[in-house]
1. Could you check the spin-label model distance between residue 203 and residue 233? Points 7 Å from the Cα along Cα→Cβ, value in nm.
2. Angle, helix 160-170 long axis vs. longest principal axis of the chain, Cα atoms, 0 to 90°, nearest 10?
3. Add -39500 (n - 2.57) for each DSSP H run of 4 or more in the chain, then divide by its residues: what number comes out at 222 nm, to the nearest 500 deg cm²/dmol?
4. Mind ranking 17-24, 225-232 by how tightly packed they are, going by the mean number of other C-beta atoms within 10 angstrom, highest first?
5. Rank 160, 51, 206 by how far each Cα sits towards the positive end of the charge dipole of the chain (+1 on Lys, Arg Cβ; -1 on Asp, Glu Cβ) and give me just the farthest.
6. Rounded to the nearest 0.05, what FRET efficiency is calculated for residue 143 and residue 175 with R0 set to 25 Å and r the Cβ-Cβ distance?
7. Using +1 on the beta carbon of Lys and Arg, -1 on that of Asp and Glu, and nothing else charged, what's the dipole of the stretch 18-103 about the Cα centre, debye to 20?
8. Springs between alpha-carbon atoms under 10 Å, Gaussian network over the chain: tell me which of 121, 26, 157 tops the mean-square fluctuations.
Amino acid sequence: MSIRLITFDLDNTLWDIEPIVARAEKSMRDWIRQQHPDFVRRFDLREFSRLRHDVVSQRKDIAHDLSALRIEVLRRAFIEGGYSAVDAVHAAQGAFDVYYEGRNTVEFFPGALQALTALHKEFSLYAVTNGNADIQRAGLGHLFSGHFSAASVGVPKPDPRIYQAAITASGLLPEQILHVGDDPEQDIAGAAAVGMRTLWVNFSDQIWPDMPPADAEFTSFDELVSQVHQLSKR
């Protein structure tokens, strides 16, 4: 059966997330130092990692929602720094807004946008991600007609419900949908479990783990369009 929809993971599939987050966090910390100098004198910014651990362990209800998680960490930090409850919420949102602007300033892997543009002419494209990227701000709004995140669906990959949400929205059969992603468990096993076809992103020549393989893999975006066409003929 031919492919009609392609779903894409985002982080580490279309761009390298680590340098993006590092720059965004630096911008956020610089903003905090400039806008809240009294807070910085009372709170060691290195304590953010401790607070994140606390929030993840205590707030299971938002552990899958990276934006809510970060805002809660920031709110607790400002509370510890002596802010009132109201002021802490306001300051946390301001810091998050700076972070989020940087988080959505992405640098696509070479050839990614060209491949997506070519595929968009033939297939519908959705994003299925555990991350909190905004596809409009990231420059994908004109290419993607659907966006399913762990935060919006309420569960992270590889939970089948996030993939099922995309299937239901599309009105297609699972075997008419191809999922493209870098994580063997979250992307490949998760999508395959609901009957979708799978294409593994393997830019660093990794060894496939001891689990059922993807339907195909590619190591460069120069190969993506041809791989999709080959899979669609099967």
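1. Output for this residue pair reads 2.8 nm.
2. So the helix axis and the longest Cα principal axis differ by about 60 degrees.
3. -14000 deg cm²/dmol
4. 225-232, 17-24
5. Positive-end residue among those listed: 51.
6. Result of the calculation: an efficiency of 0.60.
7. Using only the charged Cβ atoms, the result is roughly 180 debye.
8. 121
Laboratory data are not the source of any read-out in this text; all were calculated from the coordinates shown. This is a predicted model, so every value here is computed, not measured. So basically every Cβ, Gly included, is an ideal-geometry build from the backbone, and we count neighbours across all protein chains shown.
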